[in-house]
There are 2 protein chains.
Amino acid sequence: MSKKMNQFDVVGLGQCSLDIIGRIDDYPEIDTKTELNETLIQGGGPVATALVTLARLGVSTAFVGKIGDDSFGPRIRSGLISEGVDCEGLVTEVGARSQFAFVAVDQDGHRNIFWKRGSYRPLVKSEIDPKMIVSSRILHLDGLQVEISVLAAKLARKHKITTVLDGGTLRPSMLELMRYIDHAIVSEKFAWQLVGDEGPKVALEKLLEYGCAAATVTLGVKGSWTLTAAGEFFHQPIYAVNVVDTTGCGDVFHGGYIYGLLRQWPVKAAVRFATACAAIKTRKLGGRTAIPTLKEVEAFLHRGD
Amino acid sequence: MSKKMNQFDVVGLGQCSLDIIGRIDDYPEIDTKTELNETLIQGGGPVATALVTLARLGVSTAFVGKIGDDSFGPRIRSGLISEGVDCEGLVTEVGARSQFAFVAVDQDGHRNIFWKRGSYRPLVKSEIDPKMIVSSRILHLDGLQVEISVLAAKLARKHKITTVLDGGTLRPSMLELMRYIDHAIVSEKFAWQLVGDEGPKVALEKLLEYGCAAATVTLGVKGSWTLTAAGEFFHQPIYAVNVVDTTGCGDVFHGGYIYGLLRQWPVKAAVRFATACAAIKTRKLGGRTAIPTLKEVEAFLHRGD
């Protein structure tokens, strides 16, 4: 994972957010007033938190995205810079509101996310640096801004840069993006939007039709299912830990999976490592608080050896 | 409602908050992710919003309370000052976090409030100006900081200043405060905590035992019940309007009720006016957006004449 000046192992293009996280006893009924037991304000967003995960694991990363010039923007930026994620490609739009989320986390670690995308215009070609993408090893996308994501993924494909997609919600034209994706990791909701009740295997087969090398669907406590182009199909259960907060679990899973790709591990090993990263993450409040270092993941995976 | 220099008709001592309000279609199930249709960041808090109501109605008001020196504090302060509420008594505590709330409002106007009190120390005697209280006509309290509220209410009682309580949650030692309250307006929850399932009349009788002139319990769409020391007991139904957001309805009701007290109206007229203020308020998103001017309330009450 060597790095030349201005080159990064992983470039992520997508969402960054300011998350206000509040701990509650139980998720409240409608039309009630609930005092939070504890609050935490922290950066979030699928791609941004995946990059923070990679940074903690020792990988050089750069984020490409947008913030507004409101009071949330600088906190989003400093939350990435303090983790060592390069933010040269993070554009501030004057007069725009940054993405934010309020996350209510109950005592069992279930979380409800209420979020609002930023009011800025979508990133355009002139706002991104193609050199940064073509000099990287992996491009990570979440597809919220589909147009620029397709453009970046096409560029990556042309230069044989591996592309990874975090598919949370199946948005219009996301399937166009899928044509340029090497590794797709999608949510249960995304899989359901794709194939309805036909189950994970059918969803994964459908994703592989777009030409990716491997596809995974994450199912929360039910673990994940993965299908590779070589025909390998497997289930990875979650690791049992004392769950405090599942916020950002998917984002951290992506970071861990990408780490495995950089190390050129078999997909199964990458998924196992990603699952461990996500499990460790759940032990503290906040999407990023308990994201592990490499040593911590290794120690976790070798417990009981 | 004349006013000398540094004198205010109504002084409020209590909570002020920064509210992040998000509109949703339906209140979501547990463990889901919901994108907000619209967001609004606005000042809130029971006493603070009651004072904004009075200010819009043309009354001179001053707020006494606390904020932190975080990014939310200045927005809370400017939200009051821009309405003409005096903030000389609003103390900023260095290193503290301001009170905030996230409010999810569904398409029927139901709201779920998730809030966290500020991390500042409670207001103490040396932080408040007794002259401001004794030169006012009405002191409005919400009793979250019970110790200083009791002190202020005692002082007001000594100087024959009318005291009004917004009772949201029946907290320990709030009944001590009740001994110095002239008008108590409490929530359904407060009444239930006081007398269980015995109903509004028993709750109001219990409140009157503490010596107040009138007590009201507000019941949302079920309107309100009031009992006066003179034995008058009545129900006030709500006014039918197209409800967008019920956030802050109770706070605005208090402002309207206090307006009636200043005008020396009979309690029944004050409750009717308060109910109209609260109804008008619900027509736009946010606890304060649609708070009416006096002309608007008068026009509303004379519709169909």
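The values are calculated or read from the model by the stated rules, or taken from the named source; none is laboratory data. Source: prediction; values computed, not measured. Here Cβ is always computed from backbone atoms with ideal geometry, including for glycine, and neighbour counts include all displayed protein chains. Protein only, heavy atoms only, side chains kept; ligands, DNA and RNA dropped before computing areas. Shrake-Rupley method; radii C 1.70, N 1.55, O 1.52, S 1.80 Å.
Each residue of the stretch B:175-192 is assigned a 3J(HN,Hα), and the resulting list reads 6, 4, 4, 3, 5, 10, 9, 8, 10, 10, 10, 10, 7, 4, 4, 4, 4, 5 Hz, derived from the Karplus form 6.51 cos²θ - 1.76 cosθ + 1.60 (θ = phi - 60°), x at Gly and Pro.
Classified by the C-alpha gyration tensor, the stretch B:217-271 has an oblate form. Its axis ratio a/c, with a ≥ b ≥ c, is 1.5 or above, and a/b does not exceed b/c. Each copy carries a label point for B:Leu175 at 7 Å from Cα along the beta-carbon vector; from one copy to the others these points are 6.6 nm apart, nearest first. Over the protein assembly as shown, dividing the summed -39,500 (n - 2.57) contributions of all DSSP H runs of at least 4 residues by the number of residues returns a 222 nm mean residue ellipticity of -9500 deg cm²/dmol.
Placing unit charges on the Cβ atoms only, positive for Lys and Arg and negative for Asp and Glu, gives chain A a dipole magnitude near 1020 debye about its Cα centre. When only alpha carbons of the stretch A:125-180 are considered, Rg and Dmax amount to 10.6, 29 Å.
For the protein assembly as shown, the normalised intensity computed at q = 0.08, 0.10 Å⁻¹ comes to -0.63, -0.87 (log10 of I(q)/I(0), Debye sum over alpha carbons, equal scatterers, no solvent). Across peptide A:17-24, the mean count of Cβ atoms from other chains lying within 10 Å of each residue's own Cβ comes to 2. Which of rounded, prolate, oblate describes the stretch A:255-305, given a ≥ b ≥ c as roots of the alpha-carbon gyration tensor eigenvalues and a/c under 1.5 marking rounded, otherwise prolate only if a/b is larger than b/c? The shape class here is oblate. Under a Gaussian network description of chain A, with springs only between Cα atoms under 10 Å, the residue in A:Thr293, A:Thr247, A:Thr32 that fluctuates furthest is A:Thr32.
Round to the nearest 0.05 the FRET efficiency obtained for B:Glu205 and A:Ser71 when R0 = 60 Å and r is the Cβ-Cβ distance. Plugging the Cβ-Cβ distance into 1/(1 + (r/R0)^6) gives 0.80.
The calculated P(r) of the stretch A:1-70, using every Cα pair and 10 Å bins from 0, goes 17, 34, 25, 17, 6, 1 in percent.
Interface between chains B and A: roughly 3100 Å² of accessible area buried, both sides summed (probe 1.4 Å, protein heavy atoms only).
Between the amide H of B:Thr162 and those of B:Leu139, distances stay under 5 Å, these residues lying 5 or more places away or on another chain, with hydrogens modeled in the peptide plane. The stretch A:207-278 and the stretch A:145-200 have Cα centres spaced 15 Å apart.
Look at the stretch A:61-70: the mean tally of other chain Cβ atoms within 10 Å of its residues' Cβ atoms is 0. Applying 1/(1 + (r/R0)^6) with r as the Cβ-Cβ distance of B:Gln7 and B:Asn242 and R0 = 35 angstrom yields a FRET efficiency of 0.30.
Rounded to the nearest 20 Debye, what is the dipole magnitude of the stretch B:1-78 about its Cα centre when Lys and Arg each give +1 and Asp and Glu each give -1 at the C-beta?
Dipole of the stretch B:1-78, to the nearest 20 debye: 760 debye.
Its Cα gyration tensor gives chain B an equivalent ellipsoid; the semi-axes, largest first and in whole Å, are 26, 24, 20. Comparing A:Val91, A:Val243, A:Gly143 along the charge dipole axis of the protein assembly as shown, the residue lying farthest to the positive side is A:Val91, per the Cβ-charge model. Go through B:Lys131/B:Lys158; A:Lys222/A:Lys268; A:Lys66/B:Lys284; A:Lys33/A:Lys222; A:Lys158/A:Lys201 and tell me which ones have a Cα-Cα distance over 20 Å in this structure. Violating the 20 Å limit, Cα to Cα: A:Lys66/B:Lys284; A:Lys33/A:Lys222; A:Lys158/A:Lys201.
Pop a pseudo-label 7 angstrom from the Cα along the beta-carbon direction at both B:Gln193 and A:Thr92 and give the gap in nm to one decimal. Result for the modelled spin labels: 4.3 nm. Taking amide H as placed 1.01 Å from N in the peptide plane, A:Gly43 has its amide H under 5 Å from the amide H of A:Asp19, each at least 5 places away in sequence or on another chain. Counting Cβ atoms of other protein chains within 10 Å of each residue's Cβ and taking the mean over peptide B:98-111 gives 3.
Setting aside same-chain residues fewer than 8 positions from B:Lys125, which aspartates and glutamates have a Cα under 20 Å from its Cα? Excluding near neighbours in sequence, the set is B:Asp86, B:Glu88, B:Glu93, B:Asp142, B:Glu147, B:Glu176.
Estimated at the nearest 10 Å², the accessible area of B:His235 is 80 Å² with a 1.4 Å probe.
If contacts are Cα pairs under 8 angstrom and at least 6 residues apart, what is the relative contact order of chain A in percent? Taking the mean separation of contacting Cα pairs over the length of chain A, I get 17 percent.
Tally Lys and Arg at +1 and Asp and Glu at -1 over the other residues with C-beta under 12 Å from the C-beta of A:Gly68: what net charge comes out?
Working: positive: A:Lys66, A:Arg75, A:Arg77, A:Arg97, A:Lys116, A:Arg117, A:Arg121; negative: A:Asp69, A:Asp70, A:Glu93.
Here the charged neighbours net out to +4.
Volume per residue, Å³, of the convex hull around the alpha-carbon atoms of the stretch A:48-117?
Enclosed volume per residue, from the Cα hull, is 98 Å³.
Among B:Ala290, B:Ala269, B:Ala278, the largest mean-square fluctuation in a Gaussian network model of chain B, built with springs joining Cα atoms closer than 10 Å, belongs to B:Ala269. Distances between copies of A:Ala230, taken at a point 7 Å out from Cα along the Cα→Cβ vector and listed shortest first: 8.9 nm. First select every other residue whose beta carbon is under 15 angstrom from the beta carbon of A:Lys201; then total the charges, Lys and Arg +1, Asp and Glu -1. Neighbourhood net charge equals -4. Anisotropy class assigned to the stretch A:40-195 is rounded, per the alpha carbon gyration tensor with a/c under the 1.5 cut-off. Label point of A:Gly196 (7 Å along Cα→beta-carbon): distances to the other copies' equivalent points are 5.3 nm, sorted ascending. In the context of the full set of protein chains, residues of the stretch A:1-122 present 37 Å² of accessible surface per residue (probe radius 1.4 Å, heavy atoms only).
Counting each pair of different Cα atoms once, what's the Kirkwood radius of the stretch A:157-305 in Å, rounded to one decimal?
Result for the stretch A:157-305, one decimal place: 15.6 Å.
Summary value for the stretch A:181-305: 18 percent relative contact order, contacts being C-alpha pairs under 8 angstrom separated by 6+ residues. One quarter of the convex hull surface built on the alpha carbon atoms of the stretch A:192-237 amounts to 3.1 nm², the projected area averaged over directions. Quick check on chain A: of the DSSP beta bridges with both residues there, what percent are antiparallel, nearest 5%? Antiparallel bridges make up about 40 percent of those DSSP assigns within chain A. Evaluating 6.51 cos²θ - 1.76 cosθ + 1.60 at θ = phi - 60° for every residue in the stretch B:25-35, the Karplus couplings come out as 6, 9, 4, x, 5, 5, 6, 10, 10, 10, 8 Hz, glycine and proline recorded as x.
If you place +1 on the Cβ of every Lys and Arg and -1 on the Cβ of every Asp and Glu, how big does the dipole about the Cα centre of the stretch A:55-117 come out, in debye to the nearest 20?
My answer is approximately 140 debye.
Build a GNM of chain A with springs between Cα atoms under 10 Å apart, and of A:Gly223, A:Gly95, A:Gly255 the one that fluctuates most is A:Gly95.
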